[in-house]
Amino acid sequence: MLLSSLKGKPTMRRAANFLSLATFTALLVPALQVSATAVQRPSSFKETRFLLVQTEPTAFQQPDFSKAPESLRPVPLQLAQTFDYERQAEANSLLQEGNRQYNARQFQEALLLWQRALEIYQELGHLSGEATTLYKIGTTYSLLGNYPEAIEHFEQGLPLFQLLGDQVGEADILNNLGLVYSSLGNYPEAIEHFEQGLPLFQLLGDQVGEADILNNLGLVYYLLGNSFRALEYFERSLALTRESGDQLGEATTLANIGSAYLLLRNYSEVLNYYQQSLSLAREMDDQAAEALTLGNIGSLYGLIEEHPTSLEYFEQSLSLFRDLGDRASEVRVLGNIGIAYQSLENYSTALEYFEQSLFIKRELDIRAGEARTLGDIGKLLSAQAQPELAIIFLKASVEVHESIRGDIRELDVGLQQSYTDTVADDYRLLADLLLQQDRIIEAQRVLDLLKVQELDDYLDDVQRNAQTETGVEFWQPEEDVLALYEDVLLTGTELQRLQALDTLTPDEQARLAELEAQQDVVYTSFIDWLDHPQIIAAVDQLRAETRATVDIGNFTDLQASLRQLPQTSVILYPLVLEDRLELVLVSADAPPVRYPIEVDALELNRTVVAFGQALKDRRSDPRELAQQLYEWVIAPLENDLAAVGAEHIIFAPDGVLRYVPLTALYDGEQWLAERFSFSQITAASEADFAAHPRDDRSLLAAACADCAFTVNVGDDAFDFLDLPATLQEVELLAAQVPGAEVLINDDFTPEQFKRLLGSSTLIHLATHGKFVSGAPDESFVLFGNGQTVNLRQMRREWSQLDADLVVLSACETALGSPQLGDGVEILGLGFQLQRVGAKAVMASLWQVSDNGTQVLMNAFYTAIDNGFSKAEALKRAQQALMADDLSLVGGEGSVRAGAPPMSRDGTSVSDAYPGYSHPYYWAPFILIGNGQ
């Protein structure tokens, strides 16, 4: 929820955001679902200083037109010669009367008066009056939720303030434009306008304005799910509000900090900040701030499942918002009340509130809110054992989410992922229900939509492929249900709203008469709507059609891509759900197969953690844990894998399974690396799976041998040791490729690397790196001079990368840590390098011995030189370490020759696993992307 503050010069109004928790149940999963709408602060209506225009504008101002756009130059100069002071006085009078109507909350009347004033100012060429009036009209349209009109008037006013050299007005309009774009879910535009306005407020020395816009930036990052960056902006804003004595700004920011702490599940801190904010709001008699904070406290009590208390706060908040005429805030509270009633299993009442909320959100074009409410209806229908109808509404929710995600493509990838995390529940529930209905192909498509945004396309470095670009697909009966919902139920909601109004505009009167004439077919209860004959018929038809043979469309293209691969390949999609694991197997010549596995997320997570710890301890025997994971992830597929003769498994991992190297699973007799080759992808696509590397190999090899550095990321410090064996690793590799470029230690700098990377088809980085769990965009590679490059910088600075393979031979993730994330950071680095031009990336899940990495890399490149594909070369290199036999990669002799096995601290290896046969040495490396 955005709330503007009443600060700045007397004739202008500045907006600051105030967070509201739109869906409190979202805090029961890792990411909070929140959205905001840009509305002006209703409490400022009583403060006439904002709209006081006693003497402004008083005279025609002759601006400097030397830098004006061509279309603006002649008009003021011509009108200045015949300037009419009586007409100006008339315009000023209209402006002031509009102010009075605005303060009386007669917004339409105010707009009519201001439009008349605007026409006169434009006729006179009075730029100051025109700019001021455009700004007032824009803020009012924003308050009313008419965002297109708000944008139009703000964008007309912005160049006028710039032309007049009015930096205060320019900064204010930029801030308000940011708010409107944030309300529309257009976060890149919001950030751009806020970042343009921030230096203006700083230049003006306006601490209040600077605090407001910092707060607004914090909100956008919060909406994108990036709580750490949000808190950074909120804390900066809070310090400025306290320094300037701005109580209203302080109350706003305190509440926003409280909301951000919800992402960290620190509920005592949340309530503490909310109560501080509420106290200040009541002290100032600011009803808008009070209403927002009451709603947030209600959401907090909902999170801790004290739903009756939650409803008490929501009802207080709703009453205040309705008194203030703040419809955009009203809809948020309506949705929260619906969720509270749903939690109390009062489904019919919950649906009524969802309907009211959805109707207003669509009317105000609040897209993120619309998607959330559609998802809430889907969840409720699922709870009522109406899976077909639940799927329809969840599909509609996902469709809106996809349109919003399409609008944030230009954002930093980490922010895109943060936004994805905030809405992933709808995707997961939709895939879950589709799988339960055995609608496997549709489920696979939904998983693609989620995974492709989490990282990116398999091969082509595009954010959408032909299959995922169009979003979800609807069956005809599903479209019929949604159309009927629009025509019948929402029409009934509109009828109820119009009947409740005391006064109606002529258009509203006409619409009311039309709806009352149709009242016999209008359903005003969702429960009644569910019994509509057409709904029953549509659901029956849907059940019949989805159980029949389906036209799998793009799925056949995916199978055709698999048939192009030289090895018999399959794609394995897991979906980690709270109560079970779902597996979907896609092969080239058979329908997709679904396998529901009875293991809950908690048990799976514990096993993955224990497995990771065992793999990182070369003295351990990980086979028992490896076999348990095999029983869950691979054993159910064995008959189908054997039937198709699978040789290569393309793994599209989900959740904690991203931390699991499938090569190290154990079937009771063999490691899977002895049976299959593996590669990992984010999602299937229509790209050329069989693309082969170029024949003209060129190598860029770099090593950080003297690599004892400490790298700070936020509050975390990462300490790294020297990597002496990387010198030999790189030298051996360079000897295999004539003309190789080699960078060692101090010569291995970001600048030197960037200069050479565009001309190399093979890039090998023998250095440290870190996948930062929970903040994948902060993951980094360490250079020989101690500098780092993180994921954001890679995307921005490595655009000339064009490599068949990038190898990161010493990077690691949090595998084996007591607390695992969702694993997105693991594929994140590979994805980012694919975005900027790499066809495939090889990286390690944990840091192994210096010598162990050297011998594995030597075996891998020997296999590459002998014509094996990347995936097959990695498999054979792993087998070579197990068997201590380089003939498996086309070489000669022992793996251990010249490189006795030892751990990083130099202690001896276990007798149970001689040489490099323990998976500690050979299992950490995964291949991400094109395995050919």
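Quick rundown of the values:
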item: Stokes-Einstein D (µm²/s) once Rh is taken as the Kirkwood radius of region 570-686 over alpha-carbon pairs, at 37 °C in 0.692 mPa s; result: 226
item: Unit charges on C-beta of K, R, D, E only; dipole of region 570-686, Debye; result: 460
item: Spatial separation of Cα centroids for region 369-386 and region 93-116, in angstrom; result: 41
item: Calculated FRET value between N266 and T349, using beta carbons and R₀ = 30 Å, to 0.05; result: 0.45
item: Region 277-357 - Debye-derived log10 I(q)/I(0), Cα point model, q = 0.17, 0.18, 0.20, 0.25 Å⁻¹; result: -0.60, -0.67, -0.80, -1.13
item: Estimated distance in nm for a label pair at F474 and R100, the labels positioned 7 Å out from Cα along Cα-to-Cβ; result: 5.0
item: Computed label-point distance, nm, for sites E235 and Q499 using a 7 Å Cα→Cβ extension; result: 5.4
item: Surface share of carbon and sulfur [accessible, 1.4 angstrom probe, percent] for region 570-686; result: 43
item: Quotient of Cα Rg and 2.2 N^0.38 Å for region 266-406, N being how many residues it contains; result: 1.09
item: Additional length obtainable on full extension of the chain from E155 to Q386, 0.36 nm per residue less Cα span; result: 78.5 nm
item: Peptides 129-140, 300-311 ordered by average Cβ neighbours within 10 Å, highest first; result: 129-140, 300-311
item: Nearest-0.05 FRET efficiency for L721 and E312, computed from C-beta distance (R0 45 Å); result: 0.20
item: Pairs beyond 25 Å (Cα-Cα), from K754/K875; K361/K395; K616/K839; K616/K754; result: K754/K875; K616/K839; K616/K754
item: R362 versus E195: modelled label distance in nm, points set 7 Å from Cα along the beta carbon direction; result: 3.6
item: Cα pair distances exceeding 26 angstrom across region 182-310, given as percent; result: 21
item: Cβ-derived FRET efficiency at R0 30 Å, D696 paired with Q787, nearest 0.05; result: 0.45
item: Region 88-205: C-alpha pair distances exceeding 19 Å, %; result: 47
item: Chain lengthening between T710 and Q108 when straightened (0.36 nm per residue, less Cα-Cα); result: 210.6 nm
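The values are calculated or read from the model by the stated rules, or taken from the named source; none is laboratory data. These figures come from a predicted structure and were not determined experimentally. Every residue, glycine among them, receives a Cβ derived from its backbone with ideal geometry; neighbour counts consider all protein chains shown. These accessible areas exclude ligands, DNA and RNA; they are computed on the full protein's heavy atoms, side chains included. Shrake-Rupley method; radii C 1.70, N 1.55, O 1.52, S 1.80 Å.
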